[in-house]
Amino acid sequence: MREIPWDRRAGIVEVRDRIWSYVSPASQPEIPGLLTAAALLKWPAAEALRLGELQFLLCEEVGDFLSSLPTLLRQLPTASARAEQRAPERLDGPVVWNRTHSLRGITGNPHVFVTAPAERVYQTPENELLVHVLDAVVRTANNIGWTGKVGKKIAAQRVRARRDTAIMHQSNQVLSGITRVEPSPRSVAQVRSGRHRDRSRAVLRAYDRLVPLVEQVDKVAIREAIEQAGLVTSVESTLFELLVTFRVIDSLQKIGWKMKPFYVFKGKVQSNGAHDDGRQISLWYQSTPPALGAASAYKQVLRAHSFTNVHELRPDLSLHWRDASGQDRWLLIECKLGEQGATAARRALVDMLAYRRAFNSALAAAGQPFGLGVAWGAGLTPAVQEEVVLCTPDTLGQAVEQIVL
């Protein structure tokens, strides 16, 4: 078995290119398909619906907007407003003579003046749009409640940093005094075509990301969020598991199994298929098939000792079918990624033997082999006569084609 370095960037590119082929037609992204894709990336449904918000917070446009704020705050557009003032023998601005004559007639004071001095105000469409985007950054970061899990720390740090930057600028005296007004198509168009449009470019670009990702939840934009935020923040093991999953399905298709797209049913990500000869096959991704979990020795022992929150052992992939002779078959697949390929293969074997004992009541009557361990590396030839088979991605197809007959 040869050790080869793991290329995260290449893994992201391959998953991004292929994931929609196993979920829904690429040209018709629908919300169920989007949620299934997110589930494949191990994003719970509630978090998946917020992937657009996460993508907004992480996008380049928001970063540019926040970086440009110090300059923008020094050059905020202003407008002139005239507030009427009444004062005897004092001129603070242009005299409004019709109002002055009227007031003198009412008061009998020939020395009173009504003036309309110009005041500089910041309640302009450009500034209203700026504070709208700024508030959206803070609100979205607070709503998402995303502090980052293992493997997602860099993205989480960026979210927190951008939220903190936005909060700091919210406290600016001028910005805090601007009345919050929801941008309208007319006011946004006014900013785009106004004399301050170049200065407002960063604000407009961030707003153009805010609308489809957060305010209107556009399906195409959410798909982009899954491809970017969902993939980029995924841990290495998840990417490897997906690459193995795609190659397993490719191998099944090659030997006559027609697999349907993945779907989520009762929290489990599944796919079903049929062979050219009419036999059926079921595939579960990162979830325990009901037939295995129903009589699990692992779960039984924990419950006997009054453990709470008992979770079932969960293979990365599970296949159930009947072979050509009509025998009931199971194949549990475990994916292991590590710097030492041989160590990863041994870890997969240990997990498989644990599954064998935990699910003994279901696996005892099934044919052999029951387990397939896939370790990152190359050149590991599968010994399909054993009850547990070990392989590497380059020999995975060979193993699947010899086992799933």
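Values in this text are rule-based calculations from the coordinates and carry no lab data. Since the model is a prediction, treat every value here as computed from it, not as a measurement. Here Cβ is always computed from backbone atoms with ideal geometry, including for glycine, and neighbour counts include all displayed protein chains.
Given Lys42/Lys268; Lys258/Lys336; Lys258/Lys299; Lys42/Lys336, which pairs have Cα atoms separated by over 22 Å?
Numbers: Lys42/Lys268 11 Å; Lys258/Lys336 27 Å; Lys258/Lys299 34 Å; Lys42/Lys336 17 Å.
Among Lys42/Lys268; Lys258/Lys336; Lys258/Lys299; Lys42/Lys336, the Cα-Cα distance tops 22 Å for Lys258/Lys336; Lys258/Lys299.
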Quiz item: If you find the alpha carbon centre of the range 344-401 and of the range 262-295, how far apart are they in angstrom?
Solution: 19
Quiz item: Quick one: Karplus J couplings for the range 298-315, per residue in order, coefficients 6.51, -1.76, 1.60, θ = phi - 60°, nearest Hz, x for Gly and Pro?
Solution: 4, 5, 5, 5, 4, 5, 5, 9, 6, 5, 9, 6, 6, 10, 6, 4, 9, x
Quiz item: Taking amide H positions as placed 1.01 Å from N in the peptide plane, with prolines and chain starts having none, which residues 5 or more places from Leu317, or on another chain, fall under 5 Å of its amide H?
Solution: Gln286, Ile333
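Report the GluC sites (Glu not before Pro) located in the range 267-347 that are in a DSSP loop and have at most 14 other Cβ atoms inside 10 Å of their Cβ, or state none.
On the way: sites: Glu312, Glu334, Glu339; in loops: Glu312, Glu339.
Answer in residue order: Glu339.
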Quiz item: Among bridges DSSP assigns within the range 236-403, what percent are antiparallel (round to 5)?
Solution: 70
Quiz prompt | Total charge dipole magnitude, the range 236-403, about the Cα centre, Cβ charges on Lys, Arg, Asp, Glu only, Debye to nearest 20 | solution = 540
Exercise. Give me Trp330, Trp6 ranked fewest to most by other Cβ atoms within 10 Å of their Cβ, as a rough exposure proxy.
Key: Trp6, Trp330
Practice problem: For the range 398-405, take each phi angle, set θ = phi - 60°, evaluate the Karplus expression 6.51 cos²θ - 1.76 cosθ + 1.60, and give the result in whole Hz per residue in order, putting x for glycine and proline. | Solution: 4, 5, 4, 5, 8, 8, 8, 8
Quiz prompt | Footprinting exposure proxy for Met1, Met352 (fewest neighbouring C-beta atoms within 10 Å first) | solution = Met1, Met352
